[in-house]
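Notes for the one structure printed next.
The values are calculated or read from the model by the stated rules, or taken from the named source; none is laboratory data. Just so we're clear, the structure is a prediction, and the values are computed from it rather than from any experiment. Note that we place each Cβ from the backbone using ideal geometry, even for glycine, and neighbour counts take in every protein chain shown. Surface accessibility is based on the protein's heavy atoms, side chains included, excluding ligands, DNA and RNA. Shrake-Rupley method; radii C 1.70, N 1.55, O 1.52, S 1.80 Å.
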Amino acid sequence: MDGATILGLVTGLIMVGSAIFLGGDSLPFVHVPSLLITFGGTLAAVLIHFPAYRVRNAFSVARNCFVSKIQEPTEVLDQFRKFAIMARRGGLLALETVIEQQSDPFLKTGLELTASGCDAETLTAALKREKHAIDKRHDSGRQLFEVMASAAPAWGMIGTLIGLAHMLSHLTDPAKIGSGLAVALLTTLYGALFAHLFCIPIAGKLESRHNEETTIREIMLEGFLALQEEHSPGGMEERLRAWIPPQQRHDVTTERAKAA
């Protein structure tokens, strides 16, 4: 589970909630018509903008912000070093013994192709197609949250106009003026809060995780090509070390020395 995403959301909600409660009565900040306008309008905009299947897939991708962990480059290096040891001892066919143990479809596909003895060109083309499909799914998820981020404040402003219209049409009735003013103010608040605390950060997190995953896929592709060329475990490590930040390279070297 990604604690940073959850911690950020909880911290933001606590800060806003604290400001509301410390300021006095919090009940006026809960207004059902304002919620319906803001969130119902945002949902409607998303459903109009995207096909239903893309909405479902996008929320599935967004779930990765909370529950999945991306491998570190050093972990991938260690993994491929072990693969190189296996290939050195039993040939590429020895990799078949670990294929079913992998949960990552990209890694699993690469191992299957490498163990089958396909050439480098076929392997590269297949994994790039796999990577392209992953990129498209990630783009779809990020775009949905970007649309939500732009739609929520807009619907907040629409709610503000509705509230002002109600208020101005009942200037002689003080009770209805208050209701109209509540809609006018709270829809703007809900729209801005939803966009800037949830939608924009989630879209940014998806972009960040996509970049991290892209790096990991590139390392894996380089590792599979190295396996095909029958690199030694040491050669494999040296080839993949270029993808690792300098400080982490030092840490890996230190761990190797301690293990030896």
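Return a yes/no flag: does the stretch 59-73 have any residue that is open to solvent by less than 30 Å² (accessible area, probe 1.4 Å), in a helix (DSSP H, G or I), at pLDDT 85 or above and out of contact with any His (no Cβ under 7 Å at 6 or more places or on another chain).
Yes: one or more hits.
Tally up the residues in the stretch 159-195 that are surrounded by fewer than 17 Cβ atoms within 10 Å (Cβ to Cβ) and part of a helix (DSSP H, G or I), please.
Counting residues in the stretch 159-195 that are surrounded by fewer than 17 Cβ atoms within 10 Å (Cβ to Cβ) and part of a helix (DSSP H, G or I) gives 13.
Residue pairs, Cβ under 8 Å, 6 or more apart or interchain, first in the stretch 100-115 and more than 18 Å from residue 85 (Cα to Cα), second among the basic types (Lys, Arg) and in a helix (DSSP H, G or I). List them.
Short answer, once both residue conditions are applied: 106/131; 106/217.
Being more than 18 Å from the chain's Cα centre (by Cα) and of a type in the set (Gly, Ala, Ser) is the filter; apply it to the stretch 63-88 and report the residue that is nearest to residue 236 (Cα to Cα).
Once the filter is applied, the top-ranked residue is 84.
Please go through (1) part of a helix (DSSP H, G or I); (2) without any contact (Cβ under 8 Å) to a residue 12 or more places away in the chain; (3) under 30 Å from residue 30 (Cβ atoms) for residue 152 and return the number of the only condition it doesn't satisfy.
The failed condition is (2).
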